[in-house]
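The values are calculated or read from the model by the stated rules, or taken from the named source; none is laboratory data. All of these numbers come straight from a predicted model, not from anything done at the bench. When we count neighbours, we look across all protein chains shown, and the Cβ atoms used for this are built from the backbone with ideal geometry, even at glycine. To get the accessible areas, we keep the full protein, side chains included, count just its heavy atoms, and leave off ligands, DNA and RNA. Shrake-Rupley method; radii C 1.70, N 1.55, O 1.52, S 1.80 Å.
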Amino acid sequence: MTATDFIVARNDFETCKTIATTHPAADALPHDALLVKVDRFAFTANNITYAVLGDEVKYWQLFPAPDGFGNIPVWGFGEVIASKHPNVPTGERLFGYFPMATHLVIEATDVSKRGLRDGAAHRQGVAPVYNAYARVSGNPAYAGRQGDYQALVRPLFMLSLLADDFLAENDDFGARTVLLSSASSKTAFGLAHLLHARGRKVVGLTSANNTGFVTSLGCYDEVVTYDRVTSLPSDTPAAFIDMAGNSALRATLHRHFGERMKCSMRVGLTHRATDADEGELPGAKPRWFSAPDQIRKRAKEWRPGGIEQRFGAAWSGFTPLLEKCLTVVESRGPEAVRQVYLDTLKGRIPPEQGHMLSLLG
């Protein structure tokens, strides 16, 4: 059968196109394989980060594309339309990591009542979460608008939760003020919500255009535009959680706070403005936060299901904020997907919008 994939040039993200791909027909699927129709997926600035880190974190290998191109992974929903696995019926609904495509063949393994994993050889060697699919048929938490929130924000809020957990176990490295760049991003305001809940002063750094939205969230104690960051008091120990990946901003903050910059943690790349060689900076040495490392650590320390239990409690406290601040916009078809992709790439998506897409017409 013929499917449609949306791919981008790995050396020039503005070059993008749809291509036809071929999958086995239902009766020709390999043993234990599933043919899944990808009918709904989220696209956010975080997906652009996946592209930026495509080689480094092996995102490009998950869903192969022609030479020089890549298929950006997305979180979304699919329906099993053909199955060669005895324990996965057709009609089953799955939530997980999909290509920007109309269809995907999954080599189902580790099948349980709650989920399964894609055992395809080219998908190994990455964090296990990227190969896991939840079986969500009939689950109201993954239906309707709640399902959209899961696709748009759940993976980002897990990152927020792990980052907050890492900071908390280290007593925020002695900082009493936490600065978040790209404060309008979903990962940032998820982390701000958690930090605020445990009594930390949280300062959101953002562009002038997004100041109103960031202020309206209610989880930042102060909102400061990028051109005014040196107006912040520099006599208080601070932690900088960098969602933007902007070398100039990072250098300005480090020089402003000096040795009072107690933690400098890189989480995102929304600005895509990182210099290859940033040189030495005063204060704490900038470092990348590793969510997989924190998951592995907590999985050993907490009883089975501990991470999921803590996430569930935090998520239930966070969703009311999403209902207040996030408008879900739905688009279908290749041209609509292309437009949302380019608008996201160029920073033209308003922060209050969350886009759910489908390549199916």
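Of all residues in the stretch 83-102, which are open to solvent by 10 Å² or more (accessible area, probe 1.4 Å) and assigned to a strand (DSSP E or B)?
Scanning the stretch 83-102 gives Ser83, Arg93, Phe95.
Conditions first: (1) among the aliphatic types (A, V, I, L, M); (2) within 26 Å of Val111 (Cβ to Cβ); (3) out of contact with any helix residue (DSSP H, G or I) (no Cβ under 8 Å at 6 or more places or on another chain). Leu35 passes all but one, so which condition is the exception?
Among (1) among the aliphatic types (A, V, I, L, M); (2) within 26 Å of Val111 (Cβ to Cβ); (3) out of contact with any helix residue (DSSP H, G or I) (no Cβ under 8 Å at 6 or more places or on another chain), Leu35 violates only (3).
Do you know which residues across the stretch 117-134 are touching a residue at least 60 places away in the same chain (Cβ under 8 Å), in a loop (DSSP other than H, G, I, E, B) and not small (Gly, Ala, Ser)?
Val126 - this is the single residue of the stretch 117-134 that is touching a residue at least 60 places away in the same chain (Cβ under 8 Å), in a loop (DSSP other than H, G, I, E, B) and not small (Gly, Ala, Ser).
Being under 17 Å from Asp148 (Cα atoms), of a type in the set (Lys, Arg) and in contact with a Ser or Thr (Cβ under 8 Å, 6 or more places away or on another chain) narrows it down to one of Arg332, Arg287, so name that one.
Going through Arg332, Arg287 in turn, just one is under 17 Å from Asp148 (Cα atoms), of a type in the set (Lys, Arg) and in contact with a Ser or Thr (Cβ under 8 Å, 6 or more places away or on another chain): Arg332.
What's the number of the only condition in (1) within 22 Å of the chain's Cα centre (by Cα); (2) closer than 18 Å to Pro286 by Cα; (3) open to solvent by less than 10 Å² (accessible area, probe 1.4 Å) that Ser182 fails to meet?
Every listed condition holds for Ser182 apart from (3).
Looking at (1) within 16 Å of the chain's Cα centre (by Cα); (2) at pLDDT below 95; (3) surrounded by fewer than 18 Cβ atoms within 10 Å (Cβ to Cβ), find the lone condition where Pro351 falls short.
Single failed check for Pro351: (3).
For Ile72, work out the one condition from (1) of a type in the set (Val, Ile, Thr); (2) in a loop (DSSP other than H, G, I, E, B); (3) over 21 Å from the mean Cα position of the chain (by Cα) it doesn't fulfil.
Checking Ile72 against (1) of a type in the set (Val, Ile, Thr); (2) in a loop (DSSP other than H, G, I, E, B); (3) over 21 Å from the mean Cα position of the chain (by Cα), the one that fails is (3).
Would you be able to say whether some residue in the stretch 294-312 is at pLDDT 95 or above and within 30 Å of Leu104 (Cα to Cα)?
no
Going through the stretch 151-179 one residue at a time, which ones are surrounded by fewer than 24 Cβ atoms within 10 Å (Cβ to Cβ) and of a type in the set (S, T, N, Q)?
Hits for the stretch 151-179 are Asn170, Thr177.
So, of the residues in the stretch 237-291 that are of a type in the set (A, V, I, L, M, F, W, C), modelled with pLDDT under 90 and farther than 29 Å from Phe311 by Cα, which turns out to be surrounded by the most Cβ atoms within 10 Å (Cβ to Cβ)?
My answer is Ala273.
Condition (residue is at pLDDT 95 or above and either among the aromatic types (Phe, Trp, Tyr) or not in a strand (DSSP E or B) (or both)) applied to the stretch 48-58: is it met by at least one residue?
No, the stretch 48-58 contains no residue that is at pLDDT 95 or above and either among the aromatic types (Phe, Trp, Tyr) or not in a strand (DSSP E or B) (or both).
Val129 passes all but one of (1) open to solvent by less than 60 Å² (accessible area, probe 1.4 Å); (2) at pLDDT below 95; (3) aliphatic (A, V, I, L, M); which number fails?
Among (1) open to solvent by less than 60 Å² (accessible area, probe 1.4 Å); (2) at pLDDT below 95; (3) aliphatic (A, V, I, L, M), Val129 violates only (1).
Might you check whether a residue that is in contact with a Gly (Cβ under 6 Å, 6 or more places away or on another chain), among the β-branched types (Val, Ile, Thr) and under 30 Å from Gly190 (Cβ atoms) occurs anywhere in the stretch 36-45?
yes
Can you pull out the residues in the stretch 292-326 that are open to solvent by 80 Å² or more (accessible area, probe 1.4 Å) and not acidic (Asp, Glu)?
The answer is Arg296, Lys300, Arg303, Pro304, Gln309, Arg310, Lys324.
For the stretch 52-67, give me each residue that is touching a strand residue (DSSP E or B) at 6+ places or on another chain (Cβ under 6 Å) and closer than 14 Å to Thr15 by Cβ.
Ala65, the sole residue that qualifies.
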